[in-house]
1. List pairs: first residue in the range 55-77 and of a type in the set (Asp, Glu), second residue surrounded by 13 or more Cβ atoms within 10 Å (Cβ to Cβ) anywhere in the structure, Cβ distance under 6 angstrom, at least six positions apart or on different chains.
2. Check Ser77, Ser40, Ser45 and return the single one that is at pLDDT 85 or above and not basic (Lys, Arg).
3. Name the one entry in Glu16, Glu91 that is surrounded by 13 or more Cβ atoms within 10 Å (Cβ to Cβ), of a type outside the set (Phe, Trp, Tyr) and either modelled with pLDDT under 95 or touching a Pro at 6+ places or on another chain (Cβ under 8 Å) (or both).
4. In the range 124-136, how many residues are part of a loop (DSSP other than H, G, I, E, B), among the polar types (S, T, N, Q) and surrounded by 10 or more Cβ atoms within 10 Å (Cβ to Cβ)?
5. Of all residues being among the hydrophobic types (A, V, I, L, M, F, W, C) and either assigned to a loop (DSSP other than H, G, I, E, B) or touching a Gly at 6+ places or on another chain (Cβ under 9 Å) (or both) in the range 82-123, which is nearest to Gly65 (Cα to Cα)? Just the residue, please.
Amino acid sequence: MSIIRRFATHLIQSHEKATQCHRRTLLADKRVTSLWTMSSFQFSSVTDLQVKHNVQKKQFYIELGKAKAVLDYKQTSAGVLDLYHTEVPKELRGKGIAGLLAEEAFKYVVKNKLQMLISCTYLQKFLKENQKPEFVKYLYRDSTE
């Protein structure tokens with residue numbers, strides 16, 4: 001094996017080890033708390049996470065150490081946002097992080113009296129399972145239908 005190939009393989013393996021998510025259990029004050037670790041980033045509950053909004057990039061996101069979870073959108077017409085993509089690092093999927101992004105994006109639509117077109121399949125599923133009237137009210141309905 002060439003030196004370059006060995007070096008590349010070493011880099012890939014090192015990166016995979018560094019970004020693995022480990023679930024640890026800590027004993028504190030006679031109660032057990034779950035702690036999720038990804039590289040140098042730790043959180044014990046999704047409520048510890050903060051959703052941020054970058055209007056220029058048209059993205060809601062949560063910083064997770066060097067990685068981040070994102071919800072991307074685009075403005076399709078005046079007052080209509082197409083929420084088209086969510087992504088959470090593989091190691092942290094299934095922990096409610098995408099749901100936090102969804103809630104924040106939906107609240108933004110409601111607060112600003114916009115309409116939302118939901119083309120992301122995860123967001124469609126999330127809305128179906130969490131049908132809050134204030135969110136459903138702001139779903140985009142094509143007037144030609």
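The values are calculated or read from the model by the stated rules, or taken from the named source; none is laboratory data. These numbers come from a predicted model, not from an experiment. Glycine also receives a Cβ, built like all others from the backbone with ideal geometry; neighbour counts cover every protein chain displayed.
1. Between residues of the range 55-77 that are of a type in the set (Asp, Glu) and residues that are surrounded by 13 or more Cβ atoms within 10 Å (Cβ to Cβ), the close pairs are Asp72/Gln59; Asp72/His85.
2. It is Ser77.
3. Going through Glu16, Glu91 in turn, just one is surrounded by 13 or more Cβ atoms within 10 Å (Cβ to Cβ), of a type outside the set (Phe, Trp, Tyr) and either modelled with pLDDT under 95 or touching a Pro at 6+ places or on another chain (Cβ under 8 Å) (or both): Glu91.
4. 1
5. Val88
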